[in-house]
Structures are given as structure tokens and as C-alpha cells.
Amino acid sequence: MDAAGGRKMLELTLCNELLHADGLSLHRQCEVARELGYAGLELAPSTLGEAPHRLGPGERAEIRRMIEGAGVRVTGLHWLLTGYPDLSITDRRVRSETRGVLCDLVDLCADLGGSVLVHGSPQQRVRPEGISDEDLLDDLARLFAPVADRAASRGVTYCIEPLATAETAVVNTVEEGVRLVDAIDRPAFRTMIDCSAAGRVEPPVADLIRNWIPSGKIGHIHANDTNRGGPGMGEDPFHDIVAALIETGWEAPVGVEPFRTIVDATVTAGVAAATLRACERGLG
């Protein structure tokens, strides 16, 4: 799709958990996304059932066929550990099990046709008491390095998501995410910018985009408002955010990830897409 003037428009993808929470089947989620102009769905693995990392090859192939047959695609996965309350990236006692599940989720993402995994999951990244910044960074690098290697082998990108300080005390800024990226030093491991979290921790988001996207260390963007709604549900300056994405040449999908709805999830997704498109068209 082209905007006025012939410029290619941003590709939007829709995080699916609110549609799922509204009781929509995965097939209907795909239809809603397509009808609203989204290129695909960014899936929360827990919406695929219990232990989604254990889905068999046939089940994975069927899910992918159904989604692509509905005219959209899986762009990636997020909320990776939400369905695994006993796992943690900061608890050494479950490091091996957590790493194993994450590697399996990398495989799931690739098998479904996705290209990016976004690691948020604040409940599974509680900072241990008394640990230094240096030791925490070392622990995270030890856990994620093999996951990054698996991501590279499957042709996908794994992103650590900086989250707001109200959610976790582990990786709150883009700079902290970049430090972990540098410590792991694998091309398949990057960080990302979540507009809601970044807007609360280190605004303005547009400046973060302009500063960090040229570094090559940003693997994904989530578009959401600091009030936890989607674009258009608050006062965040998405005209500036969209302008920064265009200026920096962002070409990967932009994930729309609201945490609350207006009316329902379908209306919320529609408002978000319309807001982002209006911001693009306003650039001329």
C-alpha cells in the first residue's frame, strides 16, 4: 500500500491477545486483522493453548496454513513466557528449563513463518535481591546466548524488550537493552522500542527512534500509548513517532499492542490502525 506521493506505507501487524480475550477464534482474529488492513498477527504463544512450545509439526503446519489462507501471516511472537509462570530469566534455579522453552519458542516462531520474537514477560524477570548490575548482565547473557544461536539457525530475530519500571527492574531503557545486545554479541539478538514503556521511562519516543534505529540494534517496534491503550486512545504524539520511523527508513512490521480496549478489541484495533495511517498521510 502506498501513501500519497508514492511512498510505501508502514506495514502493521496486530498483537492478538485482546482479540483472543474477547473470545474470537484464531481464524476470526485473522479475518479482523485483514479487514482492518493489518498484514498479519503477532501471536502470544499462550493463546495457542497450553505448552505451545510442544505443538507438533502437523499442528504448527495447520496453524500456519489457516492463518495464511485467511490472507494474513504470522509476523512474530511476543508475551513469550506469560503462559509459563514457573519459569524465569533471572532465577538461576530454572535457567536451563527456561532456556529450553525459549529455544522451542524460537522454533515455533520460525515454523509459523514469523521473523521476530519479543521478550517482555515482566513477571518472569524479577530482579534478584542484592545482585549487581554487572552480575545481572552476565546472567542474562549466559541465558540468552544459546537462544540467540538458535534464532540465527532458524533465520529469526530475538529481541529483549525494555519495560517500564512499574513492571520490572530488569532492562528498563533502550540503552540497557543495547548493553545486553553487546554482551551477547550475536546478530540475531537485538532490543526493541515499545512506545508505551519508552514513553513512560525515557520520552520522547520519536527521539529514541531517531537515535537508535540507525545503530542496527533495534529489531522491532510496538505502537501503543503510555495510557496502555492503542494509538489514538490517548495523547501520545504518534505523528512524531510515525515521522521518525519514516525518516529512519523503518521497513519491518510495526506491532500494534494495546493492553486495554475501547468498546472491544476489534474497535481498538481499528482505531489504532486508522490513527497510524492518518499520521502517515499527514506527512504528505
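The values are calculated or read from the model by the stated rules, or taken from the named source; none is laboratory data. On a predicted model such as this, the values are computed, not experimentally measured, just so you know. In this analysis, Cβ positions are derived from the backbone assuming ideal geometry, glycine residues included, and neighbour counts consider all displayed protein chains. Accessible surface areas use protein heavy atoms only, side chains included; no ligands, DNA or RNA. Shrake-Rupley method; radii C 1.70, N 1.55, O 1.52, S 1.80 Å.
Of the residues making up region 124-173, those that are assigned to a loop (DSSP other than H, G, I, E, B), without any contact (Cβ under 8 Å) to a residue 40 or more places away in the chain and either at positive phi or not hydrophobic (A, V, I, L, M, F, W, C) (or both) number 8. Remark: pairs (first residue in region 269-284, touching a residue at least 40 places away in the same chain (Cβ under 8 Å); second residue in a helix (DSSP H, G or I) and of a type in the set (Val, Ile, Thr); Cβ separation under 6 Å; 6+ apart in sequence or on different chains) = Cys279/Val242; Glu280/Val242. Checking the stated criteria, Thr13 turns out not to satisfy the condition of being part of a helix (DSSP H, G or I), modelled with pLDDT of 95 or more and among the polar types (S, T, N, Q).
A count restricted to region 35-90 and to residues that are more than 22 Å from Ala151 (Cα to Cα), open to solvent by less than 20 Å² (accessible area, probe 1.4 Å) and not β-branched (Val, Ile, Thr) stands at 2. It is to be established whether one or more residues within region 212-220 are modelled with pLDDT of 95 or more, in a loop (DSSP other than H, G, I, E, B) and within 20 Å of Glu11 (Cβ to Cβ). Yes, because at least one residue in region 212-220 is modelled with pLDDT of 95 or more, in a loop (DSSP other than H, G, I, E, B) and within 20 Å of Glu11 (Cβ to Cβ). Go through (1) surrounded by fewer than 24 Cβ atoms within 10 Å (Cβ to Cβ); (2) at pLDDT 95 or above and name the single condition Gly282 misses. That leaves (2) as the condition not met.
With respect to the conditions (1) of a type outside the set (S, T, N, Q); (2) crowded, with 17+ Cβ neighbours inside 10 Å; (3) within 18 Å of the chain's Cα centre (by Cα), Leu140 lacks only one, and its number is (3). Inside region 174-189, can you point out the residues that are of a type in the set (Asp, Glu) and part of a loop (DSSP other than H, G, I, E, B)? Within region 174-189, just Asp185 meets the criteria.
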